[in-house]
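These notes concern the structure reproduced below.
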Amino acid sequence: MKKITFFFLLVFSQITFSHSKITETEKLAATCKVWGFLKYYHPKVANGEVNWDKQLLDILPKIDKAQTKEEFSLILENWIDDLGPIKEIAPIAVPKDVEYFDKNFDLSWINSSKTFSKRLSKKLKFIEENRFQGEQYYVAGFDHVENVFVRNENLDNLNYNEKNPRLVALFMYWNLIEYFFPYKYVMDTKWDKSLEELLPYFVAAKDEEVFYNTMEKLTVRLNDSHVTFFRYPKQDADLNKERHYLPFKAKIIDEKLIVTEILADSLAEADGIKIGDVITKVNDKTISEIISENRALVSASNEGSYLKNVIKRIEMGYTDSITLEFLKEDKYTSKTMKWYNYHDSHRNEFKKSTVKKVRFKMIDNNIGYVNMGNLKPFHISTMIEQLKSAKAIVFDMRNYPNGTFREISDFLNTNEKEFAIYIRPYYTYPGKYKWDEGTKSGIENNKDYYKGKVIVLLNEESISQSEWTAMCFQTAPNTTIIGSQTAGADGNVSDFDTIKAFYSRFTGLGVFYPNRRETQRIGIVPDIEVKPTIKGIQEGKDEVLDRALAFIETGK
């Protein structure tokens, strides 16, 4: 009997010991969350009394030595205790004028029995309930818009060839997104999972180059067309080389690359390149392969925006030449072409700058046309005067407008109307957002409003202000959206340049229709969907504009 009892005790102790084991990824992911939570919630940390980055560097060697959940939890408990006592202020009342948006908010990890002791979870919960209520030291709301910007951080002097400085940078960025990115809830991969998946790569990075590549992959996980990422020359060997470009622009259609614009006439002519040419391979890779292999490296909210952005990895490079495969008259032919510097490859663009750009004009059949990318505020009164008698006005926003929405909306609308509402970070309860009042445009009882048809042209080039302006114009009584899905990234951006070796940005403000319909990743949905075709490009047609003109004449 004693032997049987001893056997079960031995088995039980082995199961208990095995269960309490904790992996490196589990330890670091949990440390990242606790460090970020204390950074924005603990009164002594959130008000800047301690050097929080240095404390992380000091605690990481201790974390590294912990073998079990109990050892790990005790390190974090002592760390919290060393910060000093927290004054109990709970319950914290929610102001009457605040309505929370909670889709991003999740502190359930605090109660993880797999990682934390009950005592540690209790301490974290107490901090949440008695969280810091003053002005955040490490972040603040930018101007009246209140999208986040980082302050009082200085990570540019760290040596990212070493593991722990890399972890400091990762933890800082991950928690900034965790608490202050309004669209975390619509990512393809949960932000927690992205941390767990990429942590081993940050740990194993052999040098700064791998660190930056991994950081770039992390920013892509935001699924946000506003996200950009680039490194400064001092940290990137490639950027010390001259970047080269092709003398044309292109568009991906049906997994083929179609030449849509010639940027340098003589260079394109020398290589026999014409608008409408179909490219099927680039350096022996099919367009489909290029689309597939860049998923983790190119930021985009949706597929249309991704296909637009991935072309940049084709149109520029650091080699001296590029080999393209063309499909002409059912025959495949390959051609090795020379790359060119930016000035030579974009000669036509420099010529265009000296030529008067089309801002607005009357086209056939008493129809007005406005290029919103060229129209400036001081052109609006003249534009209205010349086009007010048109039976329809086409506002082409396959570009980026110049802050002209309000005066044009006043012209189009019968009354003042709200066209967008917002969620903004709630800095006294990080991770939560608050619904805020929206933006209105138009004039009350406007008897002189425009009474013709209003057509707005959109596509994947339409991003941010273009999408927001389209939402504004949709309030007009006779507006039709024609084109294709927009970039799906509305709202003011937040810049991230705390680590001076690279720069990134992300959408910092949540934008919704007044009925709270979402816009992020969805974009502005056209009433009539039209996309360019290979045949249309080869024939020199603007099929989106042509469809708009047909709709104006037929009503369908």
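The values are calculated or read from the model by the stated rules, or taken from the named source; none is laboratory data. Because the structure is a prediction, the values reported are computed rather than measured. Here the Cβ is made from the backbone with ideal geometry for all residues, glycine too, and neighbour counts use every protein chain on show. All accessible areas refer to the heavy atoms of the entire protein, side chains included, with ligands and DNA or RNA removed. Shrake-Rupley method; radii C 1.70, N 1.55, O 1.52, S 1.80 Å.
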What number of residues in the range 520-529 are buried (at least 20 other Cβ atoms within 10 Å of the Cβ) and in contact with a Lys or Arg (Cβ under 9 Å, 6 or more places away or on another chain)? 0
Across the range 73-113, what is the total count of residues that are open to solvent by less than 20 Å² (accessible area, probe 1.4 Å) and touching a Ser or Thr at 6+ places or on another chain (Cβ under 7 Å)? 2
Test residue 459 against the criterion of being open to solvent by 10 Å² or more (accessible area, probe 1.4 Å) and either of a type in the set (Val, Ile, Thr) or touching a residue at least 12 places away in the same chain (Cβ under 8 Å) (or both), and give yes or no. yes
Restricting to the range 46-61, name every residue that is touching a residue at least 60 places away in the same chain (Cβ under 8 Å) and open to solvent by less than 40 Å² (accessible area, probe 1.4 Å). 46, 48, 52, 53, 56, 60
Based on this model, can you work out whether residue 309 counts as on the phi < 0 side of the Ramachandran plot, open to solvent by less than 30 Å² (accessible area, probe 1.4 Å), out of contact with any helix residue (DSSP H, G or I) (no Cβ under 9 Å at 6 or more places or on another chain) and modelled with pLDDT of 90 or more? yes
Residue pairs within 9 Å by beta carbon, gap of at least six or interchain, first lying in the range 380-394 and at positive phi, second of a type outside the set (Asp, Glu) and open to solvent by 10 Å² or more (accessible area, probe 1.4 Å), listed first then second, are none
Against the definition (hydroxyl-bearing (Ser, Thr, Tyr), open to solvent by 80 Å² or more (accessible area, probe 1.4 Å) and touching a residue at least 60 places away in the same chain (Cβ under 8 Å)), how does residue 433 come out, yes or no? no
Out of the residues in the range 372-393 that are crowded, with 22+ Cβ neighbours inside 10 Å and closer than 11 Å to residue 454 by Cα, state the one that is nearest to the chain's Cα centre (by Cα). 393
In the range 530-548, which residue that is assigned to a helix (DSSP H, G or I) and basic (Lys, Arg) is most open to solvent (accessible area, probe 1.4 Å)? 535
Determine if the range 154-168 includes at least one residue that is open to solvent by 10 Å² or more (accessible area, probe 1.4 Å), aliphatic (A, V, I, L, M) and over 13 Å from the mean Cα position of the chain (by Cα). yes
Over 15 Å from the mean Cα position of the chain (by Cα) and either acidic (Asp, Glu) or within 24 Å of residue 100 (Cα to Cα) (or both) - does that describe any residue in the range 498-513? yes
Report yes if residue 421 is among the aliphatic types (A, V, I, L, M), out of contact with any His (no Cβ under 8 Å at 6 or more places or on another chain) and not in a helix (DSSP H, G or I), otherwise no. yes
Could you tell me whether the range 193-202 includes any residue that is among the small types (Gly, Ala, Ser), part of a loop (DSSP other than H, G, I, E, B) and either more than 30 Å from residue 103 (Cα to Cα) or modelled with pLDDT of 95 or more (or both)? no
Given the criteria in contact (Cβ under 8 Å) with a residue 40 or more places away in the chain, surrounded by fewer than 19 Cβ atoms within 10 Å (Cβ to Cβ) and either part of a loop (DSSP other than H, G, I, E, B) or more than 29 Å from the chain's Cα centre (by Cα) (or both), does residue 116 qualify? no
Count of the range 287-331 residues which are aliphatic (A, V, I, L, M) and more than 17 Å from the chain's Cα centre (by Cα): 9
Within the range 233-244, is there a residue that is open to solvent by less than 50 Å² (accessible area, probe 1.4 Å), in a helix (DSSP H, G or I), in contact (Cβ under 8 Å) with a residue 24 or more places away in the chain and not small (Gly, Ala, Ser)? yes
Restricting attention to the range 400-408, does a residue exist that is of a type in the set (S, T, N, Q), part of a helix (DSSP H, G or I) and either within 29 Å of residue 473 (Cα to Cα) or out of contact with any Pro (no Cβ under 8 Å at 6 or more places or on another chain) (or both)? no
Which of (1) without any contact (Cβ under 8 Å) to a residue 24 or more places away in the chain; (2) in a strand (DSSP E or B); (3) of a type in the set (Gly, Ala, Ser) is the odd one out, the single condition residue 141 does not satisfy? (1)
